[in-house]
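**Q** Can you read through this structure? Questions will come right after.
The values are calculated or read from the model by the stated rules, or taken from the named source; none is laboratory data. Note that this is a predicted model, so its numbers are computed, not measured. So basically every Cβ, Gly included, is an ideal-geometry build from the backbone, and we count neighbours across all protein chains shown. The protein model used for the area step is the full one, side chains on, heavy atoms only, and it has no ligands, DNA or RNA in it. Shrake-Rupley method; radii C 1.70, N 1.55, O 1.52, S 1.80 Å.
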Amino acid sequence: MKLRKKFSWLVMSVTLLALALVNQPGFAQKPFYQGKKLNFMVDFSAGGPTDIECRIYARHLVRHLPGKPTIVMTNRPGAGGTLAMNWLYERARRNGTVAGCQTAGSRYLDWFVGNPQEAGLRANMAEIVPVMFTPVVSVGVIKKNLGSGISKPEDLVKVEGWVAGGFRADNSKDIKFRTLFDLVGAKYKYVTGYPGSADLFAAFVRDEIQYVDGSTPFYFTRVKPVVVDKNQAIPLWYQNPKAIPGLEPGYTAAEFVKKITGKEPSGSLWNLFQMNASYRMILFPPGVPQEAVQALRSGFEALSRDQEFLVEYKKVVGIEPEFITSEKDLKEAIAPWKETTPELKKFRLDYIEKGRELARQ
């Protein structure tokens with residue numbers, strides 16, 4: 001009996017000593033990303049707006065991730081971003097070292113609203129882990145030398161036969177500009193199939209197309225210095241509820257419709273435009289450790305207060321960042337896709353088919 005008691009006390013003493021040592025600074029659990037490499041996989045080509053913005057994140061985020069991992073970038077363009085999403089879901093390591101830095105609203109639309117099989121989407125978007133969303137402001141730009149000349153957005157409806165270029169008929173980018181142009185009665189031709197914004201802009205510069213759009217980092221770093229500042233093109237519209245300095249003479253999307261039609265935008269076309277709100281997203285494949293998710297969310301929360309980052313972001317992107325990182329807010333951002341009415345789903349599918357027909361003409 002005495003021997004058993006002595007043994008029990010010995011076990012308890014060793015256990016208490018081990019717990020005490022673990023709680024010492026030298027025994028603290030090391031940060032999740034210490035000694036690791038974090039790969040941001042971009043779903044569009046290098047030099048495009050998604051790539052530009054993701055590289056800004058990578059330059060500054062490392063300061064806010066305990067363990068200071070190396071952050072590298074990989075571009076997997078193709079199929080309007082679907083190729084990269086399928087790869088993230090099917091092949092990416094699920095250990096927190098690979099994350100998508102993507103503009104993936106169309107993938108959520110395909111999964112919850114459209115036909116994922118037809119779009120080639122194999123990734124189950126209900127299982128993809130959202131880490132951070134930030135709203136994207138798209139800017140539409142048109143050549144000035146059309147017809148008798150375009151000096152303001154209202155001149156758009158005075159010319160016809162100009163060409164708008166896009167990614168795919170079911171891509172949110174294409175649907176947004178098509179709905180706006182159809183709302184104001186613009187007479188345009190539609191071509192699609194470009195793999196990324198850089199390819200679209202090259203076609204725009206060659207005058208293969210006369211309309212191009214992209215998010216604000218793409219506009220301010222590529223489009224504005226190359227064609228707008230040289231008086232070859234003007235902004236038409238941008239997707240933001242408030243006016244943004246530096247995008248004149250362009251209007252907010254709602255004001256663009258109102259200025260040309262004399263009416264507030266409404267109806268199925270306008271609802272479809274709003275459904276295609278864009279976000280830049282940080283996404284994990286299913287099954288990643290919660291420590292990785294929390295580390296990245298905390299990193300972006302800290303990044304939103306980093307003055308060095310904020311200065312560069314505002315200079316390139318043109319607006320202040322708005323990082324959505326809480327579970328509640330991310331679910332609210334996804335909810336419009338998950339809760340779309342059957343009527344709007346059908347309208348969207350019919351509209352996509354019409355776009356395919358237009359692109360074949």
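**Q** Return the residue satisfying two criteria in turn: it lies in region 206-226 and is assigned to a strand (DSSP E or B) and not aliphatic (A, V, I, L, M), and of such residues it is nearest to ALA164 (Cα to Cα).
**A** The qualifying residue nearest to ALA164 (Cα to Cα) is TYR211.
**Q** Tell me, which residue of region 319-331 that is surrounded by fewer than 13 Cβ atoms within 10 Å (Cβ to Cβ) and not in a helix (DSSP H, G or I) is nearest to the chain's Cα centre (by Cα)?
**A** Here the answer is GLU322.
**Q** I've got another one for you. Taking region 144-184 as the region of interest, how many residues are under 19 Å from LYS354 (Cβ atoms) and part of a loop (DSSP other than H, G, I, E, B)?
**A** Number satisfying all stated conditions: 6.
**Q** Which pairs have Cβ atoms under 9 Å, sit 6 or more apart or on different chains, and link a residue in region 286-306 that is within 14 Å of PRO31 (Cβ to Cβ) to one that is open to solvent by 70 Å² or more (accessible area, probe 1.4 Å) and in a helix (DSSP H, G or I)?
**A** Every condition considered, the pairs that remain are GLY299/ARG63; ALA302/ARG63.
**Q** Of all helices (runs of 4 or more DSSP H) completely enclosed by region 1-120, which ones contain at least 3 residues that are more than 19 Å from SER197 (Cα to Cα) and either open to solvent by 60 Å² or more (accessible area, probe 1.4 Å) or at pLDDT 95 or above (or both)?
**A** Numbers: elements: 2-22, 49-61, 82-90, 105-112, 116-119.
Here the list reads 2-22, 49-61, 82-90.
**Q** Scan region 227-244 and tell me whether some residue there is assigned to a helix (DSSP H, G or I) and touching a residue at least 12 places away in the same chain (Cβ under 8 Å). Can you show your working first?
**A** Within region 227-244, the first condition is being assigned to a helix (DSSP H, G or I), and the residues that meet it are 227-228.
If we keep only those that are touching a residue at least 12 places away in the same chain (Cβ under 8 Å) too, we end up with 227-228.
Taking every residue of region 227-244 in turn, at least one turns out to be assigned to a helix (DSSP H, G or I) and touching a residue at least 12 places away in the same chain (Cβ under 8 Å).
**Q** Further question on the same structure: I'm checking my understanding of the structure. Among residues of region 197-233 that are of a type in the set (Gly, Ala, Ser) and under 18 Å from ASN276 (Cβ atoms), which one is surrounded by the most Cβ atoms within 10 Å (Cβ to Cβ)?
**A** Per the criteria, the residue is SER197.
**Q** Please state which one of GLU301, GLU248 is closer than 24 Å to THR103 by Cα and open to solvent by 20 Å² or more (accessible area, probe 1.4 Å).
**A** From the options GLU301, GLU248, the qualifying one is GLU301.
**Q** Out of all the residues in region 139-159, is one or more within 30 Å of ARG91 (Cβ to Cβ), in contact (Cβ under 8 Å) with a residue 12 or more places away in the chain and not hydrophobic (A, V, I, L, M, F, W, C)?
**A** No, region 139-159 contains no residue that is within 30 Å of ARG91 (Cβ to Cβ), in contact (Cβ under 8 Å) with a residue 12 or more places away in the chain and not hydrophobic (A, V, I, L, M, F, W, C).
**Q** When you check PHE133 against the structure, is it of a type in the set (Phe, Trp, Tyr), under 18 Å from PRO336 (Cα atoms) and modelled with pLDDT under 95, yes or no?
**A** No; evaluated as a whole, the condition is false for this residue.
**Q** If you don't mind, another one. Within the bounds of region 203-215, is there any residue that is under 20 Å from THR50 (Cβ atoms), of a type outside the set (D, E, K, R) and at pLDDT below 95?
**A** Yes, that holds for at least one residue.
**Q** Go through (1) over 19 Å from the mean Cα position of the chain (by Cα); (2) farther than 26 Å from SER298 by Cα; (3) among the β-branched types (Val, Ile, Thr) for VAL113 and report which single condition fails.
**A** Every condition holds for VAL113 apart from (1).
**Q** If you go through region 124-134, how many residues are out of contact with any Pro (no Cβ under 9 Å at 6 or more places or on another chain) and either farther than 12 Å from ARG280 by Cβ or not aromatic (Phe, Trp, Tyr) (or both)? It would help to see each step written out before you state the result.
**A** So in region 124-134, the residues out of contact with any Pro (no Cβ under 9 Å at 6 or more places or on another chain) come out as 126, 130-133.
Add one more test, that the residue is either farther than 12 Å from ARG280 by Cβ or not aromatic (Phe, Trp, Tyr) (or both), and what stays is 126, 130-132.
Counting residues in region 124-134 that are out of contact with any Pro (no Cβ under 9 Å at 6 or more places or on another chain) and either farther than 12 Å from ARG280 by Cβ or not aromatic (Phe, Trp, Tyr) (or both) gives 4.
Each row is one residue, and each column tells you yes or no for (1) hydrophobic (A, V, I, L, M, F, W, C); (2) open to solvent by 30 Å² or more (accessible area, probe 1.4 Å).
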position: LYS314; (1), (2): no, yes
position: VAL317; (1), (2): yes, no
position: ALA333; (1), (2): yes, no
position: TRP337; (1), (2): yes, no
position: ARG348; (1), (2): no, no
position: GLU353; (1), (2): no, yes
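**Q** Does region 276-298 hold any residues that are within 29 Å of LYS173 (Cβ to Cβ), in a loop (DSSP other than H, G, I, E, B) and open to solvent by 10 Å² or more (accessible area, probe 1.4 Å), and which are they?
**A** ALA277, SER278, PRO286, VAL288, listed by residue number.
**Q** Enumerate the pairs (first residue in region 59-73 and within 18 Å of TYR313 (Cα to Cα); second residue anywhere and part of a loop (DSSP other than H, G, I, E, B) and open to solvent by 30 Å² or more (accessible area, probe 1.4 Å)) with beta-carbon separation below 7 Å, excluding pairs fewer than 6 apart on the same chain, so at least 6 apart or on different chains.
**A** VAL62/LYS68
**Q** Given (1) in a helix (DSSP H, G or I); (2) open to solvent by 20 Å² or more (accessible area, probe 1.4 Å), where does PHE256 come up short, assuming only one miss?
**A** The one condition PHE256 does not meet is (2).
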